[in-house]
Number of protein chains: 2
Amino acid sequence: MGIFSKTCEYAMRAVFFIAHRTASGGRVGIKEISKGIGSPEAFLAKILQDLSRRGIVQSAKGPNGGFYFDKSSLKRPLSDIVEAVDGDGVFVGCGLGLEYCSEISPCPLHNQFKDIRNQIKDLLQKTSIGEFNEELNLGLTALRK
Amino acid sequence: MGIFSKTCEYAMRAVFFIAHRTASGGRVGIKEISKGIGSPEAFLAKILQDLSRRGIVQSAKGPNGGFYFDKSSLKRPLSDIVEAVDGDGVFVGCGLGLEYCSEISPCPLHNQFKDIRNQIKDLLQKTSIGEFNEELNLGLTALRK
DNA sequence: TTAATAAAGGATAAAAAACTCTTTTTATTT
DNA sequence: AAATAAAAAGAGTTTTTTATCCTTTATTAA
């Protein structure tokens with residue numbers, strides 16, 4: 001398994017996809033998103049439903065409805081999505097899974113893992129949801145295939 | 001969840017624990033290991049059974065039996081354990097879970113994740129199983145509590 | 001050679017994660 | 001108002017991960 005749960009991977013990809021579409025003015029339905037990022041449709045629906053309930057992504061029902069981001073949401077850091085889906089385990093936990101691992105009672109790899117986690121945290125915090133729209137436009141980066 | 005599976009966390013802790021004991025001359029039984037690292041006994045037995053089959057850890061049955069490391073095994077990098085248990089997903093996969101993410105067709109965070117993964121890889125490769133025995137002896141680091 | 005000890009192996013169970021299907025609600029368009 | 005489109009919600013199912021239990025096999029020591 002990767003660093004994040006599969007659910008979280010889908011969430012991140014979907015969010016980038018929606019942001020990209022938002023930038024070109026519209027809303028996107030689940031069918032298109034799931035195709036665009038290569039995820040199971042019904043499962044992604046659940047994930048976005050949850051993000052929507054939390055106010056992270058916006059949604060509209062009915063014809064011409066779909067998912068989108070309002071302006072302030074586009075500036076959100078990716079860490080918000082990760083935290084909503086996977087919790088803060090990636091940022092704060094002990095690499096060896098020790099509950100009480102800390103500065104005072106560190107595991108053998110405490111400091112090294114701390115560095116790595118901080119780097120992940122920094123990356124996710126400084127990356128905003130709407131940040132890759134141009135690259136995606138230009139086909140410089142991909143969310144599928 | 002953390003960076004590694006729970007199984008892998010138990011495996012790493014157990015391996016450090018056994019190495020520590022090996023250094024002071026003996027073998028350790030499952031009961032003692034699982035107590036020492038705070039893991040379910042039967043489950044850890046399965047994990048070590050697997051590592052033993054792979055030749056990563058040595059074992060002996062009967063009275064005075066238990067798990068231990070021979071000299072060359074003590075020098076093994078921690079990455080061998082992680083790879084045996086969790087596969088190479090931590091080292092090589094795409095952060096967003098894209099199967100075909102690569103230099104040619106990168107995901108938006110490809111390069112950043114590559115850095116992080118390489119750091120994890122380096123850490124696990126340069127850390128040997130027997131490396132922390134002195135710290136553990138001195139109580140400077142902990143595997144439990 | 002028997003009793004005790006300890007890992008190996010196999011089968012099963014429980015919990016969590018991943019995923020599906022159906023119905024309901026809300027909004028839009030005609 | 002009726003038809004339609006789309007997400008929300010609810011109620012599963014399947015798969016994977018985590019965990020337990022019990023029996024067998026190997027080793028040692030008395």
So which of B:Ile104, B:Ile81, B:Ile120 ends up being within 16 Å of DNA strand C (Cβ to nearest atom), hydrophobic (A, V, I, L, M, F, W, C) and outside any strand (DSSP E or B)? B:Ile81
Just need a number here: residues in segment A:86-145 that are more than 21 Å from A:Met1 (Cα to Cα), touching a Lys or Arg at 6+ places or on another chain (Cβ under 6 Å) and aliphatic (A, V, I, L, M). 1
Would a scan of segment B:54-67 turn up a residue that is in a helix (DSSP H, G or I), of a type in the set (Lys, Arg) and either within 13 Å of chain A (Cβ to nearest Cβ) or open to solvent by 30 Å² or more (accessible area, probe 1.4 Å) (or both)? no
Here the residues within segment A:18-46 that are within 16 Å of DNA strand C (Cβ to nearest atom), open to solvent by less than 30 Å² (accessible area, probe 1.4 Å) and within 13 Å of another protein chain (Cβ to nearest Cβ) are A:Gly36, A:Ile37, A:Ser39, A:Leu44
Which residue is farthest from B:Gly95 (Cα to Cα), if the candidates are limited to segment A:87-122 and must be within 10 Å of chain B (Cβ to nearest Cβ) and in contact (Cβ under 8 Å) with a residue 40 or more places away in the chain? A:Val90
Selection count where residues are open to solvent by 40 Å² or more (accessible area, probe 1.4 Å) and either more than 17 Å from the chain's Cα centre (by Cα) or modelled with pLDDT under 95 (or both), scope segment B:119-136: 3
Go through (1) buried (at least 17 other Cβ atoms within 10 Å of the Cβ); (2) of a type in the set (S, T, N, Q); (3) within 13 Å of DNA strand D (Cβ to nearest atom) for A:Ser73 and report which single condition fails. (3)
For A:Glu131, indicate whether it is over 24 Å from B:Glu9 (Cα atoms) and not in a helix (DSSP H, G or I). yes
Quick one: is B:Gly36 part of a helix (DSSP H, G or I) and of a type outside the set (A, V, I, L, M, F, W, C)? yes
What is the number of the single condition among (1) within 14 Å of DNA strand D (Cβ to nearest atom); (2) modelled with pLDDT of 95 or more; (3) buried (at least 19 other Cβ atoms within 10 Å of the Cβ) that A:Gly93 does not meet? (2)
Just the residues that are within 25 Å of the chain's Cα centre (by Cα) and open to solvent by less than 30 Å² (accessible area, probe 1.4 Å), please, taken from segment B:98-118. B:Phe113, B:Ile116, B:Arg117
Evaluation of B:Asp50 against (1) within 13 Å of the chain's Cα centre (by Cα); (2) of a type outside the set (A, V, I, L, M, F, W, C); (3) away from DNA strand C (no atom under 14 Å from the Cβ); (4) away from chain A (no Cβ under 13 Å) (one fails), failing number: (3)
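The values are calculated or read from the model by the stated rules, or taken from the named source; none is laboratory data. Computed from a predicted model, the values in this text were never measured in an experiment. Here Cβ is always computed from backbone atoms with ideal geometry, including for glycine, and neighbour counts include all displayed protein chains. Heavy atoms of the whole protein, side chains included, go into the accessibility calculation; ligands, DNA and RNA do not. Shrake-Rupley method; radii C 1.70, N 1.55, O 1.52, S 1.80 Å.
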